[in-house]
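To start, the structure under review is shown below, and the notes come after it.
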Amino acid sequence: MCQCKTGYEGKHCETPTCNPPCLNGGTCLSPGRCHCQSGYQGKHCERALCHPACKHGGVCRRFNTSVCRPACMNGGRCVGPNTCLCSSGWTGHRCDQPLCYLQCRNGGLCVNPNVCACPRGFIGPDCGRRIRTHQVPRYWRRRFSYGNL
């Protein structure tokens with residue numbers, strides 16, 4: 001099992017992370033470096049580009065037409081064509097994937113922002129603490145327990 005350096009995650013530390021995350025559908029290329037989708041720029045893809053450009057000092061607030069189908073979820077806002085700006089703790093094209101800043105371990109699943117569902121025999125915020133089945137309270141003896149309990 002690998003212990004990743006800051007800026008990487010995954011089973012083999014193969015996935016770079018950007019904190020704050022890349023916005024508007026941008027992709028994290030290396031720690032802190034985003035590749036922005038067409039129509040966006042900035043260190044975290046936070047600035048929309050208007051085409052044609054705004055004139056006389058106008059500021060582009062969003063990339064032309066904002067229509068997201070299906071709609072953004074979990075408080076996300078539609079900021080460009082099929083591009084959601086997610087609320088803190090959420091990611092994905094529709095803001096439907098929770099983020100756990102402590103990576104869930106031992107087969108745990110991130111089920112809400114910073115909440116891991118731990119497999120039987122593990123507890124803790126990141127499912128990192130192993131416990132014996134006889135130490136688990138009876139009401140927890142299901143497939144998963146929640147790491148923040």
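The values are calculated or read from the model by the stated rules, or taken from the named source; none is laboratory data. On a predicted model such as this, the values are computed, not experimentally measured, just so you know. No Cβ is skipped: glycine too gets one built from the backbone with ideal geometry, and neighbour counts run over all protein chains shown.
See the values below:
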item: Region 26-53, residues that are at pLDDT below 80 and surrounded by fewer than 13 Cβ atoms within 10 Å (Cβ to Cβ); result: S38, H51, P52, A53
item: Residue under evaluation N82, criteria (1) touching a Gly at 6+ places or on another chain (Cβ under 6 Å); (2) at pLDDT below 90, criterion not met; result: (1)
